[in-house]
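To start, the structure under review is shown below, and the notes come after it.
We did not get these values from a lab; they are worked out from the coordinates using the rules stated. Note that this is a predicted model, so its numbers are computed, not measured. Ideal geometry is used to build each Cβ from the backbone, glycine not excepted, and the neighbour counts take in all protein chains shown.
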Amino acid sequence: MLNIIIFGAPGSGKGTQSENLITRYNLAHISTGDVLRAEIKNGTELGKLAEEYISKGQLVPDDVVIGMLANVLDSKKDKAGVIFDGFPRTIAQGEALEKILKERGEEISIVINLDVEEPELIDRLIKRGQQSGRSDDNLETIKSRLDVYKNQTSPLKDHYMNSGKLATIKGVGTIDQIFDLIAEAVDKVK
Ligand code: AP5
């Protein structure tokens, strides 16, 4: 199984590049952000809880997201692997993912870390907010999301670097140029 984590700050292109990865490698796509937004749209109890955190740019609590992941993974068994987009975001989530995969006799194949400078991230997200109306794409919430990324999520990079799984790729240029670099890294572990 090819299990890819696509990692990076808000706006680094995780969702965009996931689309290309899914097509090229026949992978299932698990985006915790998309799952949570669907719950909000459907007005579920989980959605109501998630909205309180997402609207402030904070992380939804680990136990909620980890519980959700196990359910989603069960529905994706027929693919050649999974791309994890926006998960894990904390050390606890990283440990939980490794445990869940180990129980299935699997492991993480590679962690693609998309590296983009902060001014470019802010520019992309402000533009997307103007076009799509995504409610957490406003300057105040974007800044909070970037702080959360720095403090709670980016420490995971050291963990994956130490395990030899981290591939850092410059996330600027055209979408195709970036994808070529990603595919080169993935082909080495396939
Ligand atoms: P989530 O939905 O995961 O959002 P995010 O991490 O903030 O990431 P984005 O979707 O904003 O950016 P992206 O990196 O996917 O970039 P994209 O391809 O869209 O999470 C939202 C919230 O949900 C969190 O804040 C948290 O509250 C909660 N949550 C989610 N997962 C959680 C978890 N595991 N634990 C706890 N809470 C969780 O691109 C962005 C824009 O840039 C697009 O408009 C795109 O067209 C453009 N773009 C992409 N590539 C390029 C390029 N090369 N050049 C120019 N523009 C580009």
Please compute the modelled spin-label separation between residue 1 and residue 45, points set 7 Å along Cα→Cβ, answer in nm with one decimal.
2.9
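In the stretch 65-98, what trypsin sites (Lys or Arg not before Pro) fall in a loop by DSSP, with at most 12 other Cβ atoms inside 10 Å? Don't skip to the end; give the middle numbers.
Details: sites: 76, 77, 79, 89; in loops: 76, 77, 79, 89.
Counting only loop positions with at most 12 other Cβ atoms within 10 Å, the trypsin sites (Lys or Arg not before Pro) in the stretch 65-98 are 77.
In which sequence would 189, 82 go, from the one with the fewest C-beta neighbours within 10 Å to the one with the most?
Working: 189 13, 82 24.
Taking fewest neighbouring Cβ atoms as first place, the list is 189, 82.
Counting other beta carbons within 10 Å of each Cβ, put 104, 134 in order, fewest first.
On the way: 104 11, 134 15.
The order, fewest Cβ neighbours first, is 104, 134.
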Which helices pass in the chain if a helix is a full DSSP H run, must span at least 15 angstrom along its long axis by Cα, and must have mean Kyte-Doolittle hydropathy not below -1.0?
62-74, 91-103, 175-189
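Using the reciprocal of the averaged 1/r over all distinct C-alpha pairs, how large is the Kirkwood radius of the stretch 1-179 in Å?
Values: mean 1/r = 0.0600 Å⁻¹.
One over the average 1/r among Cα pairs gives 16.7 Å for the stretch 1-179.
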Binned at 5 Å starting from 0, the alpha-carbon pair-distance distribution of the stretch 1-51 in whole percents comes out as 5, 19, 23, 17, 17, 14, 5, 0
The chain, Gaussian network, Cα under 10 Å: of 62, 136, 123, the residue fluctuating most is 123
So what are the three principal axis dimensions of the stretch 78-153 from its Cα atoms, in whole Å, longest to shortest?
43, 29, 21
Taking the simple approach of a point 7 Å from Cα along Cα-to-Cβ for both residue 77 and residue 138, what is their distance in nm?
4.4
With no solvent and one point per C-alpha, what does the Debye sum give as log10 I(q)/I(0) for the stretch 28-98 at q = 0.29 Å⁻¹?
-1.46
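Under unit Cβ charges (Lys, Arg +1; Asp, Glu -1), what dipole magnitude, rounded to 20 debye, does the stretch 137-187 have relative to its Cα centre?
Details: 6 positive and 8 negative charges, 57 e Å.
So the magnitude is around 280 debye.
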Remind me, relative contact order of the chain in percent, using alpha carbon pairs under 8 angstrom and six or more residues apart?
33
